[in-house]
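Taking it in order: structure first as structure tokens, then the write-up.
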Amino acid sequence: MTTHDKPLIGITCDLVEDQIRVRRTYMRAVSACGGIPVPLTPLPGSGAEILGKIHGLVLTGGDDPDTRTF
């Protein structure tokens with residue numbers, strides 16, 4: 001299986017003060033299942049472009065994200 005055959009899996013990130021964070025365990029889990037993890041930043045307008053390109057989505061929980069950006 002080449003990299004081009006692997007599904008792109010979006011993972012929601014947390015915004016903590018001025019840092020965007022995602023736990024490594026989510027990234028590793030997606031990779032271990034054969035996917036390519038794609039961190040999704042919680043910035044306005046950043047979700048619309050990527051949604052048509054990813055094959056799956058992991059909602060990590062934590063703070064309630066503004067789902068309009070996804």
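Observations on the model:
- Hey, residue 32 out of contact with any Leu (no Cβ under 9 Å at 6 or more places or on another chain), modelled with pLDDT of 95 or more and not charged (D, E, K, R) or not: yes
- Restricting region 4-18 to residues that are open to solvent by 90 Å² or more (accessible area, probe 1.4 Å) and on the phi < 0 side of the Ramachandran plot, the residue that is modelled with the lowest pLDDT: 4
- Here residue 56 clears all of (1) within 10 Å of the chain's Cα centre (by Cα); (2) surrounded by 14 or more Cβ atoms within 10 Å (Cβ to Cβ) except the condition numbered (2).
- For region 1-34, residues that are free of Cβ contacts under 8 Å to residues at least 12 places away in the same chain, in a loop (DSSP other than H, G, I, E, B) and among the β-branched types (Val, Ile, Thr) total 1.
The values are calculated or read from the model by the stated rules, or taken from the named source; none is laboratory data. What you are looking at is a predicted structure, and each value in this text was computed from that prediction instead of being measured. Methodologically, a virtual Cβ is constructed for each residue, glycine included, from the backbone with ideal geometry; neighbour enumeration extends over all protein chains shown. Just so you know, the surface numbers come from the protein's heavy atoms only, side chains and all, with ligands and any DNA or RNA stripped out. Shrake-Rupley method; radii C 1.70, N 1.55, O 1.52, S 1.80 Å.
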